[in-house]
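*Asks:* The following block contains the structure, expressed as structure tokens.
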DNA sequence: TGCTTCTGTGAGATCCTCTAACGAAACAAT
DNA sequence: ATTGTTTCGTTAGAGGATCTCACAGAAGCA
């Protein structure tokens, strides 16, 4: 029973090690995380830490899943706390804020993977939960917002003219032919998230949302915009608006 | 004069080293590139390679700039070889093809950077040249294509209704308010590319293009789509279409 | 009190990057 | 052809990394 003390201590030192590792990550990147250095910073010798983590890789993996979980929870909370009409924007901004506040953790999740690396099953679970959140945020985007313009299809011919939605549920934006093709292609895919699987159209919206937000955020946190003389948040808001507008 | 032999030999072994390094990169990631292992694979001892590269970092940097240059040239050629109406799609597809064919090199350019790492000035030059290519591809997107639909603004009020373009040059898509705001914000930014600097609207289009294509491509080459049961190229084409449509 | 389990230490194996000193080869010039 | 110079590759080694192993304490349990 009193072994609980030991377990508490064990968990505590594990957390301390991960915390020190995060500090190292922030200032030297993934490659700068050293078991030896962490141990030294904690006041013990190198091999002692191997009582708590089987390998440097396990520590790294735990850092990743922790960050993943944290991000997923942050998004879920942002969606839950927002009014239905604001959910989408709240989710997107929460994502960006999280990434900007701790770039290294974002890159830990979405950065360059090691070729051989196999993500633990826990990771895919978290990813599925996050996809659920994105679904929820996306599904509430056109509803009762009143801010979306109903764009009537133009008369010009061509592949990009907006066509009537195939057979989807609620009253949403009309889709272009290519959007409809993507929706059809995604109809059978999945399952991507727990709970009921949405239709292809919503999956397409979610996928667009994910990739576009990641595009802006990842280039931003990697510093690819530095020296270009503009505020990335303006670009982000523009992309956000395009997503809302485009359904 | 006959020192040319030596120089040729020198260049040759440098190239061989980089080639071996690329092989290591493909199978073990950036961290798996080892000067010792490269030398051994070339039939010499470790320290010998330090006659050719001052440090492991210099080798890495050279790998990055090589990849960057290669990518930039590939895009430029794709744009140059395509008919004006196809330039945009040609550029985008060339980008994706290049990335899919050699994911590790793409991630070398756009992957997680080391926090302390300062890109050599040569890199920013190449980036500027590539931005020029993107500008060229984007500027020819609405012209004479005939495939873009002229979307008439809906009657519904709200921030997302399309408004008349501010004062831009050619006959292009009308902009939403947020797009116009982004264009205004980008008007003074730069210079991003050699040659004449385009207006804010074109800069906005280029930025959207860059971030959206990168969003799809990076998640794809990182394997984030694996197991989701859909073809990423369909998503890519849908995004491409949205970019063409949206100006 | 003893017995067991957990925790930390020091030594060491094996890798890595990178420096330094030395032999050998190739080039240059008399 | 012989001499001098530059370059190349070697071995030796410093210093650091991950990780294993055997051993000394400490903590928990009887």
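Read the figures in this text as sums done on the coordinates, not as results from a lab. Note that the structure is predicted; figures quoted are calculated from it, not measured. Because the Cβ atoms are built from the backbone with ideal geometry, glycine has one as well, and the counts that use them run over all protein chains shown.
*Asks:* Provide the three semi-axes, in whole Å and in decreasing order, of the ellipsoid equivalent to chain A as defined by the square roots of 5 times the Cα gyration tensor eigenvalues.
*Replies:* They are 42, 20, 16 Å, listed from largest to smallest.
*Asks:* Once you have the alpha carbon radius of gyration of the protein assembly as shown, what is it after dividing by 2.2 N^0.38 Å, with N set to its residue count?
*Replies:* So the protein assembly as shown has a normalised radius of gyration of 1.06.
*Asks:* Mind giving me the FRET efficiency for residue A:86 and residue A:45? R0 is 35 Å, r the Cβ-Cβ distance, nearest 0.05 is fine.
*Replies:* According to the calculation, E is roughly 0.10.
*Asks:* Contact order normalised by length for the stretch A:10-115, with contacts defined as Cα pairs under 8 Å and 6 or more residues apart; what percent is it?
*Replies:* Once normalised by length, the contact order is 21 percent.
*Asks:* Specify the residue with the greatest mean-square fluctuation among A:28, A:140, A:218, computed from a Gaussian network of chain A linking alpha-carbon atoms under 10 Å apart.
*Replies:* In this elastic network of chain A, the residue with the biggest mean-square fluctuation among A:28, A:140, A:218 is A:28.
*Asks:* Rounded to the nearest 0.05, what FRET efficiency do residue A:189 and residue A:122 have when you use their Cβ-Cβ distance and R0 = 25 Å?
*Replies:* Efficiency computed from Cβ-Cβ geometry: 0.65.
*Asks:* Give me the inter-chain shielding for A:113-126: mean count of other chain Cβ atoms within 10 Å, whole number please.
*Replies:* Rounded to a whole number, the mean comes out at 3.
*Asks:* With chain A rotated onto chain B, spot the residue of A whose Cβ lies nearest the axis and note the distance in whole Å.
*Replies:* A:215, 1
*Asks:* Calculate for chain B the 222 nm mean residue ellipticity that helices alone would give, adding -39,500 (n - 2.57) per DSSP H run of length 4 or more and normalising by residue count, nearest 500 deg cm²/dmol.
*Replies:* -20000 deg cm²/dmol
*Asks:* Nearest 10 degrees is fine. How inclined is helix B:56-81 to the longest principal axis of chain B, computing both from alpha carbons?
*Replies:* That helix lies at roughly 40 degrees to the long axis.
*Asks:* Can I ask one more? FRET efficiency for residue B:97 and residue B:57, Cβ-Cβ distance as r, R0 = 30 Å, nearest 0.05?
*Replies:* Computed FRET efficiency for residue B:97 and residue B:57 comes out at 0.50.
*Asks:* If each label sits 7 angstrom from Cα along the C-beta direction, how far apart, in nm, is residue A:13 from its counterparts in the other copies?
*Replies:* Going from nearest to farthest copy, the values are 4.9 nm.
*Asks:* Specify the residue with the greatest mean-square fluctuation among A:44, A:131, A:228, computed from a Gaussian network of chain A linking alpha-carbon atoms under 10 Å apart.
*Replies:* Largest GNM mean-square fluctuation: A:228.
*Asks:* Could you give, in nm with one decimal, how far residue A:55 is from each other copy of that position, shortest first, with labels 7 Å out from Cα toward Cβ?
*Replies:* So the label point of residue A:55 gives 2.8 nm to the other copies.
*Asks:* Continuing with the same structure: Using alpha carbons only, how many degrees (0 to 90, rounded to 10) separate the axis of helix B:177-187 from the longest principal axis of chain B?
*Replies:* Approximately 50 degrees, to the nearest 10.
*Asks:* Defining the label point at 7 Å along Cα→Cβ, can you sort the distances from residue A:84 to the same site in each other copy, shortest first, in nm?
*Replies:* 5.0
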